[in-house]
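Asker: Have a look at this one before I ask anything.
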Amino acid sequence: MAEIGERVLVHAVGRLDDGMKFLDTYKVGEPMDFVVGSRTVLPAFERAVSQMAPGERATVRLAPEEGYGAYDESLIEEVPAAEFPRADQLPVGQFIEIALPEGSIRVKVLPPKDGMVRFDHNHELAGRDLIFDIELVGIVEEDAIERERHPAGCGCGCDRLKESLRS
C-alpha cells in the first residue's frame with residue numbers, strides 16, 4: 001500500500017456517466033506521477049490510490065462534493081456588454097482566459113442575456129459524478145537523500161522525515 005510521502009505511478013481513465021472521458025493516461029502514454037499526501041490530485045482519488053497495492057486496479061466513483069463541488073449558480077458573472085471589448089465576438093460555449101491584476105482565470109462564456117455578457121466561473125466538472133478506473137503501476141522507492149530533496153512545506157508529508165532526523 002502506498003503511504004503518505006511516497007511517490008506513486010498511476011494510470012487512470014476519468015469519465016462521466018455518459019462515457020465522456022476527461023482523463024486518459026494510457027492515451028498519453030505515461031502514468032501520473034505524484035507524491036501521496038501532496039494534494040496534487042483530488043483527495044478522494046488519492047485516498048483510493050493509498051488503499052491499493054502495486055499492480056492492483058480499481059474503479060471509484062466520486063460524488064460532486066468529492067470532486068469539483070456542486071454546481072453553484074452564484075458563480076455566474078454578468079458584465080454589461082458595453083464594458084467588455086469585442087463582446088459580440090466571444091465564443092459562446094467555450095472556455096477563455098481572462099487576465100486580471102492578480103492573475104488570469106478560466107471561465108466559460110455563456111449566451112448573452114439582456115445586454116449582459118455572462119461568464120461561468122464553475123469548474124467544468126462541477127456538479128458531476130466522476131468515475132475513475134485506476135491502476136497503481138508502482139511505488140517509486142526513494143532513499144532518505146531523495147526524500148530530503150522535497151522542499152519544506154510541500155505538503156506531501158516528506159518533511160516528517162526531516163523532523164525525524166532532527167530528533
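The values are calculated or read from the model by the stated rules, or taken from the named source; none is laboratory data. Source: prediction; values computed, not measured. No Cβ is skipped: glycine too gets one built from the backbone with ideal geometry, and neighbour counts run over all protein chains shown. Remember, those area values only see protein heavy atoms, side chains included, never the ligands or the DNA or RNA. Shrake-Rupley method; radii C 1.70, N 1.55, O 1.52, S 1.80 Å.
Asker: Count the net charge of all other residues whose Cβ sits under 10 Å from the Cβ of S50, scoring Lys and Arg as +1 and Asp and Glu as -1.
Answerer: With Lys, Arg at +1 and Asp, Glu at -1, the neighbours total -2.
Asker: For A99 and A126 in one chain, what is 0.36 nm times their gap in residues minus the Cα-Cα distance, to one decimal in nm?
Answerer: Fully extending the segment from A99 to A126 adds 7.5 nm.
Asker: Would you calculate the separation in nanometres between label points at S50 and Q89, each defined as 7 Å from the Cα along the Cα-to-beta-carbon direction?
Answerer: The answer from the label model is 4.9 nm.
Asker: For a Förster distance of 22 Å, can you work out the FRET efficiency between the beta-carbons of V140 and K27, rounded to the nearest 0.05?
Answerer: Computed FRET efficiency for V140 and K27 comes out at 0.50.
Asker: Tell me which GluC sites (Glu not before Pro) from segment 93-124 have a DSSP coil assignment and no more than 14 other beta carbons within 10 Å of their own.
Answerer: Within segment 93-124, the qualifying GluC sites (Glu not before Pro) (loop, at most 14 other Cβ atoms within 10 Å) are E102, E124.
Asker: Give me the distance in nm between label points sitting 7 Å out from Cα along the Cα-to-Cβ direction at M1 and T59, one decimal.
Answerer: 2.4 nm
Asker: For K108, K113, K27, give me the order by solvent-accessible area with a 1.4 Å probe, most accessible first, ignoring ligands, DNA and RNA.
Answerer: Ranking K108, K113, K27 by accessible area, largest first, yields K27, K113, K108.
Asker: Using the 2.2 N^0.38 Å rule of thumb for compact globular proteins, work out how segment 1-91 stacks up: its C-alpha Rg over that value, please.
Answerer: Normalised Cα radius of gyration, segment 1-91: 1.52.
Asker: If you count, for each residue, the other Cβ atoms within 10 Å and average over each peptide, how do 76-89, 59-72, 127-140 line up from highest to lowest?
Answerer: Packing order, densest peptide first, comes out as 127-140, 59-72, 76-89.
Asker: Quick one: order H123, H11 from most to least accessible surface, probe 1.4 Å.
Answerer: Heavy-atom accessible area, descending, gives H123, H11.
Asker: Same structure, new question: Using heavy-atom solvent-accessible surface (probe 1.4 Å) with all chains present, what is the largest-first order of M20, M32, M52?
Answerer: Result, largest first: M20, M32, M52.
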